[in-house]
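The values are calculated or read from the model by the stated rules, or taken from the named source; none is laboratory data. Everything numeric here is computed off the predicted structure, so don't read it as measured data. Neighbour counts run over all protein chains shown; Cβ positions are idealised from the backbone, glycine included. Side chains are part of the model used for accessible areas, which takes the heavy atoms of the whole protein and leaves out ligands, DNA and RNA. Shrake-Rupley method; radii C 1.70, N 1.55, O 1.52, S 1.80 Å.
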Amino acid sequence: MSVPSAGIGLAAGCGTGVAAGLWLLVTAGTPAWVRLRARRGRRTLSAPARTVRLAAAVGAGLTVGVVTGWPVAAALAALACLAAPSLLAEGQAGAAETARVEALASWADMLRDTLAAGAGLEQTIRATAPIAPAPIRAEVLTLAAALTGGARLTDALDVFADQLDDPAADLIAAALRFAAAGQGRHLGDLLDRLATAARGQAALRLRAAATRARIRTSTRVIVITTLVMAGGLVLFSPAFVAPYSTVTGQLVLAVIGALWAAAFVWLARMGRITRDPRILTGPAARSSG
């Protein structure tokens with residue numbers, strides 16, 4: 001089941017084209033600035049994790065290429081190893097965002113109660129930093145350390161909002177900015193309302209996550225079933241898949257792989273929770289606050 005020597009170059013080109021086409025498919029329709037901002041706000045993989053994923057992709061591609069002799073199948077297998085973990089990990093990212101929103105609500109309550117005791121705004125932030133909820137404790141400690149080091153409150157709040165990269169954090173930062181400018185006469189009431197709104201948002205996200213979790217489970221079942229069936233045909237029924245060993249068969253396999261990947265990306269996106277846009281997104285928005 002090997003590809004004729006005259007068609008190896010064409011088949012390899014098809015494999016490269018499939019990989020490039022799938023990458024364009026994943027990123028199509030999304031403005032460049034949105035993709036760049038999403039990358040900044042997303043947790044990046046560590047160097048060892050990237051190395052492991054790349055090694056797995058190379059290993060999968062080589063294994064599939066050796067077993068089948070199909071360059072297109074090898075390219076599809078390598079691309080799947082690179083893309084599938086990120087697409088299927090949306091549930092973990094959504095859970096982390098929900099926990100962060102709930103933590104922001106709890107911290108807003110801490111700020112409100114401490115301010116009610118007569119403490120100043122910067123003193124309140126420093127006092128609540130060590131006991132802030134775990135999902136945002138590092139960012140609150142960084143904010144408190146910046147204030148202790150003499151940074152302006154408004155500048156430190158801008159950094160705080162950018163680190164959390166969340167609309168709820170933007171609202172709290174904006175409220176504290178108003179208070180720092182002497183415009184927050186009812187800051188305690190405002191923080192209380194923000195905490196209530198944040199908890200409502202977290203509850204809504206939990207309900208949406210439960211629905212989307214079923215979609216992600218269905219996606220995993222479909223992917224695993226399809227891969228097991230394809231592998232079984234290659235290993236136990238080689239005569240059935242023999243037509244794919246020709247150049248025309250490789251072209252057909254490239255089309256099938258592209259359609260399968262498009263469906264997989266579509267299912268994965270259905271399982272995502274849409275994030276609200278941020279409020280403090282630039283100097284203009286911050287200066288207006």
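Computed quantities for the displayed model
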item: Which listed residue, of 171, 190, is farther than 30 Å from residue 267 by Cα, out of contact with any strand residue (DSSP E or B) (no Cβ under 7 Å at 6 or more places or on another chain) and free of Cβ contacts under 8 Å to residues at least 60 places away in the same chain; result: 190
item: Meets criteria (farther than 22 Å from residue 119 by Cα and of a type in the set (D, E, K, R)) for residue 170; result: yes
item: Residue satisfying condition, being farther than 30 Å from residue 119 by Cβ, open to solvent by less than 50 Å² (accessible area, probe 1.4 Å) and of a type in the set (Val, Ile, Thr), within set 217, 248, 226, 211; result: 226
item: Unmet criterion (only one of (1) at pLDDT 85 or above; (2) in contact with a Gly (Cβ under 7 Å, 6 or more places away or on another chain)) for residue 209; result: (1)
item: Within the stretch 166-192, considering residues that are open to solvent by less than 30 Å² (accessible area, probe 1.4 Å) and among the acidic types (Asp, Glu), the one modelled with the lowest pLDDT; result: 166
item: In the stretch 42-72, the residues that are among the small types (Gly, Ala, Ser) and either in contact with a His (Cβ under 8 Å, 6 or more places away or on another chain) or at pLDDT 80 or above (or both); result: 55, 56, 57, 59, 60, 61, 65, 69
